[in-house]
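Enquirer: I'd like to ask you about the structure that follows.
The values are calculated or read from the model by the stated rules, or taken from the named source; none is laboratory data. Because the structure is a prediction, the values reported are computed rather than measured. Cβ placement follows ideal geometry from the backbone for every residue including glycine, while neighbour counts extend to all protein chains displayed.
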Amino acid sequence: MRINRIMAIIIVAIIALSIISYEVYMRYYYKIPLRISTTTSLYATGLLDAIADTFSQKYPNVDVQFIAVGSGAALQLAARGDVDGILVHAPDLEKQYIDSGIIMNQTIFAYNYFVIVGPINDPAGVSEVSDPIEAMKQIYNACEQGLTFFISRGDNSGTHQRELLLWKLAGLDPKGKEWYLETGSGMAETLIMANEKLAYTISDIGTFLKFSGDGKIPNLKAFEMKSPILINIYSAYAVNPAKYPDVKYNLMIKFIEFLVSEEGQSIIANFCAEKYSQPLFYPVDQRSEELRNYWEWLVNISGGYE
């Protein structure tokens with residue numbers, strides 16, 4: 001009898017120790033993965049790492065995992081239910097996925113601008129014009145004369161979509177031209193190829209500033225132009241839990257709320273601004289409604305340019 005009691009006590013102690021160990025593990029060591037597909041421009045600049053570091057201080061049991069691809073691929077991951085949320089900058093594509101019920105809770109959290117990038121000697125004379133549509137016409141003519149190349153991402157990203165829109169508004173179609181080269185890659189690889197080929201391309205200003213400031217594209221310069229067609233709007237979405245019950249909807253909402261919180265917006269506003277002499281991205285501040293109107297305008301003018 002005495003041996004049985006001792007054995008019972010040992011078994012109870014083992015069970016209790018196991019429960020305590022499990023609770024300690026869950027509280028201090030286990031991290032809930034939050035999978036977010038994102039445009040390469042946000043990731044390549046390092047902004048998302050800065051945001052995730054601070055977010056993780058508030059939610060230490062969350063492991064934010066970014067999948068950096070073009071906006072088109074990021075949306076496809078959402079459509080397969082492979083991610084919990086997305087960060088993208090392709091209004092026309094986003095609208096299609098909103099309408100199909102795949103993504104929801106759109107929140108504009110940052111913006112910057114697209115720029116036309118080209119060789120320092122500027123054989124197309126882009127520096128002589130102030131309108132990006134006219135600049136695309138001049139690049140086309142210079143390429144036709146054999147003076148230069150144009151490098152396209154060709155990956156259905158937000159940057160690629162904006163490039164296609166610029167060609168459409170210029171009334172031009174470069175597809176199939178020998179001088180029109182598609183990388184099928186992210187912004188970093190595309191800028192490096194443009195640098196090597198002394199070619200023109202389209203980039204978000206954030207990625208250009210980082211790569212230029214880091215000395216990786218010494219042969220290129222950015223031709224910044226004031227035009228609403230170049231505004232680059234970044235939106236966050238949660239994947240619809242009604243379609244994909246396994247997604248971590250509530251956790252993604254917390255991440256989105258952090259992006260537009262005072263702390264999150266401060267990170268965006270100050271990220272590398274001193275290092276590169278100007279902001280790579282801008283916080284929403286009081287421009288939320290204005291940016292939303294721009295987003296809808298871009299959707300309306302972007303349709304039907306396949």
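Enquirer: Could you say which residue among Ala142, Ala222, Ala188 is assigned to a helix (DSSP H, G or I) and closer than 15 Å to Asp122 by Cβ?
Expert: Every option except Ala142 fails the conditions.
Enquirer: Out of all the residues in segment 224-236, is one or more in contact with a Ser or Thr (Cβ under 7 Å, 6 or more places away or on another chain), under 20 Å from His89 (Cα atoms), at pLDDT 95 or above and of a type in the set (Ser, Thr, Tyr)?
Expert: Yes: one or more hits.
Enquirer: For segment 138-152, check the following and say yes or no: at least one residue is of a type in the set (Val, Ile, Thr) and at pLDDT below 95.
Expert: So far as segment 138-152 goes, no, none of its residues is of a type in the set (Val, Ile, Thr) and at pLDDT below 95.
Enquirer: Do we find a residue being assigned to a loop (DSSP other than H, G, I, E, B), over 29 Å from Ala124 (Cα atoms) and under 21 Å from the mean Cα position of the chain (by Cα) anywhere in segment 204-219?
Expert: no
Enquirer: Do the conditions hold for Leu34, that is, is it at pLDDT 95 or above and over 14 Å from the mean Cα position of the chain (by Cα)?
Expert: yes
Enquirer: One residue is enough: does segment 228-238 have a residue meeting the conditions more than 30 Å from Lys168 (Cα to Cα), in contact (Cβ under 8 Å) with a residue 24 or more places away in the chain and either among the hydroxyl-bearing types (Ser, Thr, Tyr) or assigned by TED's automatic domain parsing to the domain that holds Gln76 (or both)?
Expert: Within segment 228-238 (the criterion being more than 30 Å from Lys168 (Cα to Cα), in contact (Cβ under 8 Å) with a residue 24 or more places away in the chain and either among the hydroxyl-bearing types (Ser, Thr, Tyr) or assigned by TED's automatic domain parsing to the domain that holds Gln76 (or both)), the answer is yes, since at least one residue qualifies.
Enquirer: So, one more: Could you list, in sequence order, the residues of segment 153-182 that are touching a Lys or Arg at 6+ places or on another chain (Cβ under 9 Å), farther than 16 Å from Val126 by Cα and surrounded by fewer than 21 Cβ atoms within 10 Å (Cβ to Cβ)?
Expert: Gly171, Leu172, Leu181, Glu182
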